[in-house]
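Structure, as structure tokens:
Read the figures in this text as sums done on the coordinates, not as results from a lab. Everything numeric here is computed off the predicted structure, so don't read it as measured data. Glycine gets a Cβ as well: all are built from the backbone with ideal geometry, and neighbour counts include every protein chain shown.
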Amino acid sequence: MSRTINAVPVSTESVVRECAAALERLANYRLPTAVDRRLLWLSENKERLGPEEKDELLAIVEFTEERSVEKAQARVLLDRLHQLWPEITPSVP
């Protein structure tokens, strides 16, 4: 059985904290340095790329676009969690 602190059961509080931490990690995700450098090089040299490098560039761009959407969604959810439970979730910068 879970205890209640400030009207939020301790087990619920723990789950909300863990979810918020996972969302915060997602919201703060950055590409690994090597991938970021590779994306920059491919982008700067796109006129001279062979078919394999063009595919690589498109794959990295698609990956970064997906991560950007996920980061934005994570920030929105963190903000909503903070509105509901400001005492147990971080505020979104």
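Here are the numbers for the structure shown:
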| item | result |
| --- | --- |
| Intensity falloff of the range 26-93 expressed as log10 I(q)/I(0), Debye formula with alpha-carbon point scatterers, at q = 0.22, 0.29 Å⁻¹ | -0.88, -1.18 |
| Cβ crowding within 10 Å averaged over residues, with 12-21, 42-51 ranked highest first | 12-21, 42-51 |
| Whole-Hz couplings from phi, Karplus 6.51/-1.76/1.60, listed for the range 70-85; x for Gly and Pro | 4, 5, 5, 4, 4, 5, 4, 5, 4, 5, 5, 4, 5, 5, 7, 10 |
| Residue-by-residue Karplus 3J(HN,Hα) for the range 12-24, coefficients 6.51, -1.76, 1.60, Hz, glycine and proline x | 5, 4, 4, 5, 5, 4, 5, 5, 4, 5, 5, 5, 5 |
